[in-house]
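This report concerns only the one structure given below.
The numbers here are math on the coordinates, done by the rules we state, and not lab data. Treat the numbers as computed from the prediction; the structure is a model and nothing was measured. As a convention, Cβ positions derive from the backbone with ideal geometry for all residues, glycine included, and neighbour counts pool all protein chains shown.
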């Protein structure tokens, strides 16, 4: 354990019980609730100016080190130092088509292993080094595992990944190439999750599981800090930014919410964005709880082509419900067909999103149709992963290409000229 | 045609014949030689300080606009403004393993469509807008097409892509998702190339073909400018940097060479890097010419799993031979097995390269073994594309993952504990 804790304590999101930094690793020992990592905000504010962060030369998520619960991990020149720092796109044709004041898309596909999950894995691996973990393990539908495998490879940290055997081939290929020990299970994500927790306990491995390890949210909140720098810091509108994010196990939306809460507590923003969670109608456990008006997460039989957000039992459901409820946001449900259409729509402006990434944009389209956002709104959509991660799905979003003989006669015949 | 030419003239690399900016579009009208775009270096030097470029806020290749033959294309907030600006990695385990003074890897997989080719396509599309091209067309083994499709989508430019039907599925998926008209030909890259040239002539399309359109090299040279900023500008060693780059049609190595020549002429570098071209032994037309001591490019029957550099008749062979010969470099030939091993080796430090990208690293390993580089050398290896582009190849580089039942008994049995 690090000698100087970088955070003051953990607090259970359900019962409020607090733990000291060296007391626990994962969820609340009483009720299994997700633990929030509580920073010592007054001290951070005293020791760090926002100007120092805004003028940092570091372009990755490590520019926010003063707001993270880990010490500087080093490893400059490795992919660990390239997590985060993703670009903000401003696709005018889509903005116009949707009739919005401003539309931004934050492209998380530019992360080292090509998904948002690198943010979580970078911070978890930094934590693993601090506590001198022998092995880091995670369950994953693919992206979290690829991210852990990539960040572990970057620092020479042994890693074990459990994934359902149905994970897209590109994601499995990534896991293997990054040199992790990969074990596919003849079951779904949830069965891989349970097995990972047991294996970690039995073998003394450090478990990165999403919605279980409190540090994943701390990595993911860095995207909120970037949105602050890229958008909020410059904005003059007094209407809240409207943020669309796809939701599977609920950890990304919880991470974004945590980041904005940190910024609000620091006094660096005055207003929370409205956070809109978008789920596939085939994997809607969190949206169901939101619409039921409570926080009780009832498992579903998930069935959606958006594999990254296909989850029977979301592991960070309660905080995910609150992220929308406490910020004036809501949940939206979209069909797989709408997700495929969103892949094609984003592609036409040069953005290649995986299904879970396009889900957020599909949610925006639905929100516009239903008047949940209007022409005065500034909207930011998170694209959580690169389309190269799942080309099987991409091919369903488009018509196949014709094959012709390589001569002008065949070409003209095909073109009908 | 633009009213104020951004370059003084073209010059044929074979016969030296010069053309004015509005006189030609493609290769030399006399002998078909590749045309170099000649900048007015004295004027550029007079009007631009190197300090202004070094302190530019633009992070993409457009920071080098004063050294490019196109006007500022605009399109801020689109993928066109994200081409280039790729990170430099410094993998210490590989540096140590190879016994080099310094080893850098420049990761071109971070480009918008995940390959080096975005650099060329960004500048060609900017040119296409200047000359008000109705349609841009290219032949491609996949990456150049994906790059053109992405950059065209970014600016709303209609694009047509011809690719061999054997192109990796991920690359075809990219082409289609970006909304280009995609036509697969029942033939190889060379037959797609010829058809593209004919179609461009007959239909009045603007042809981006590599080694045919002079602007591709001008886009690709931006990587040399970045190497100048990221490495050469800070270096104190008086030994030349040694640069490894994979070679297919010869256009990337020619682009890098052109960039360094521009910098030398500007007086911003004093010494050229040694440029080492690496070809697959199954696609060695340019290396063959280099080793024969002349510039005559004799076509081969290409056969390598590195599809991006599998070319029967390289279209930029002469300049590619010169890039190594004029800089004290050489050519290296590597087997497909070595390319697959290089994919796995790079993966273990968190870098996922496609076969053509890993080829350069395989060349470095061979060069170390043969004493072509030594412990005093600083080496930079270009990874030209993201491994997600070709997972079929990646899966050949690794052992498949086991599938087990999701319980501890099965796990322990697999682990042998």
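Within chain A, antiparallel bridges make up roughly 25 percent of the DSSP beta bridges whose residues both belong there. Normalised radius of gyration (Cα atoms, divided by 2.2 N^0.38 Å) for the range B:64-113: 1.64. Binning all Cα-Cα separations of the range B:261-417 at 5 Å, short to long from zero, yields these whole-percent fractions: 2, 9, 15, 17, 16, 14, 10, 5, 4, 3, 2, 2, 1, 0. If you take the alpha carbon atoms of the range B:27-99 and fit the smallest convex hull around them, that volume is 220 Å³ per residue. For the protein assembly as shown, a Kirkwood radius taken over Cα pairs fed into Stokes-Einstein (37 °C, viscosity 0.692 mPa s) yields D = 121 µm²/s. Averaging the sequence gap over all C-alpha pairs within less than 8 Å and six or more residues apart, then dividing by the number of residues, gives chain B a relative contact order of 15 percent. Apply 1/(1 + (r/R0)^6) to the Cβ-Cβ distance of residue A:58 and residue B:337, taking R0 = 51 Å, and write down the FRET efficiency to the nearest 0.05. For R0 = 51 Å, the calculated efficiency reads 0.80. Between this copy and the others, label points of residue A:18 are 7.8 nm apart in ascending order, each placed 7 angstrom from Cα in the Cβ direction. Normalised by 2.2 N^0.38 Å, with N the number of residues, the alpha-carbon radius of gyration of the range B:292-356 equals 1.32. DSSP assigns beta bridges within the protein assembly as shown; of those with both partners inside it, close to 25 percent run antiparallel. How far is residue B:52 from itself in the other copies, in nm, if each label sits 7 Å out from Cα along the Cα-Cβ line, shortest first? The projected label point of residue B:52 is separated from its counterparts by 3.5 nm.
The value given for chain B is a Kirkwood hydrodynamic radius of 21.5 Å, derived from the mean inverse Cα-Cα separation.
With the helix formula -39500 (n - 2.57) applied to DSSP H stretches of n ≥ 4, the protein assembly as shown reaches a computed 222 nm mean residue ellipticity of -11000 deg cm²/dmol.
Hey, with R₀ at 51 Å, roughly what FRET efficiency would residue B:235 and residue A:294 work out to, going by the Cβ-Cβ distance, to 0.05? Step by step, r from the Cβ atoms, then E = 0.25. Residue order for A:110, B:165, B:409, fewest other beta carbons within 10 angstrom first, comes to B:409, B:165, A:110. Here is the tail figure for the range A:116-200: Cα pairs spaced more than 20 Å apart come to 24 percent of all pairs. Restricting things to Cα coordinates, could you compute the convex hull volume per residue of the range B:240-289 in Å³? Cα-based convex hull of the range B:240-289, divided per residue, equals 70 Å³.
The simple spin-label model puts a point 7 Å past each Cα toward its Cβ; for residue B:301 and residue B:47 those points are separated by 5.3 nm.
Here is how far apart the residue B:293 label points are across copies: 9.1 nm, shortest first, using a point 7 Å from Cα toward Cβ.
Values of log10 I(q)/I(0) for the range A:143-248 across q = 0.22 Å⁻¹ run -1.24, by the Debye formula with one identical scatterer at each alpha carbon and no solvent. When only Cα pairs below 8 angstrom with a gap of at least 6 residues are kept, the range A:307-417 shows a relative contact order of 25 percent. Among B:298, A:161, A:37, sorting on how many other beta-carbon atoms sit within 10 Å of each Cβ, with the fewest leading, yields B:298, A:37, A:161. Each Cα pair of the range A:240-347 feeds into the Kirkwood radius, which the Stokes-Einstein equation turns, at 25 °C and 0.890 mPa s, into a diffusion coefficient of 175 µm²/s.
As a proxy for reagent exposure, ranking B:13, B:150 by other Cβ atoms within 10 Å from fewest up yields B:13, B:150. Computed over the alpha carbons of the range B:175-235, Rg followed by Dmax gives 16.7, 50 Å.
For the rotation carrying B onto A, the chain B residue whose Cβ lies nearest the axis, with the distance in whole Å, reads B:388, 2. Spread over its residues, the convex hull of the C-alpha atoms of the range A:60-172 is 129 Å³ per residue. Here the alpha carbons of the range A:114-165 define both size measures, Rg and Dmax, at 10.0, 32 Å.
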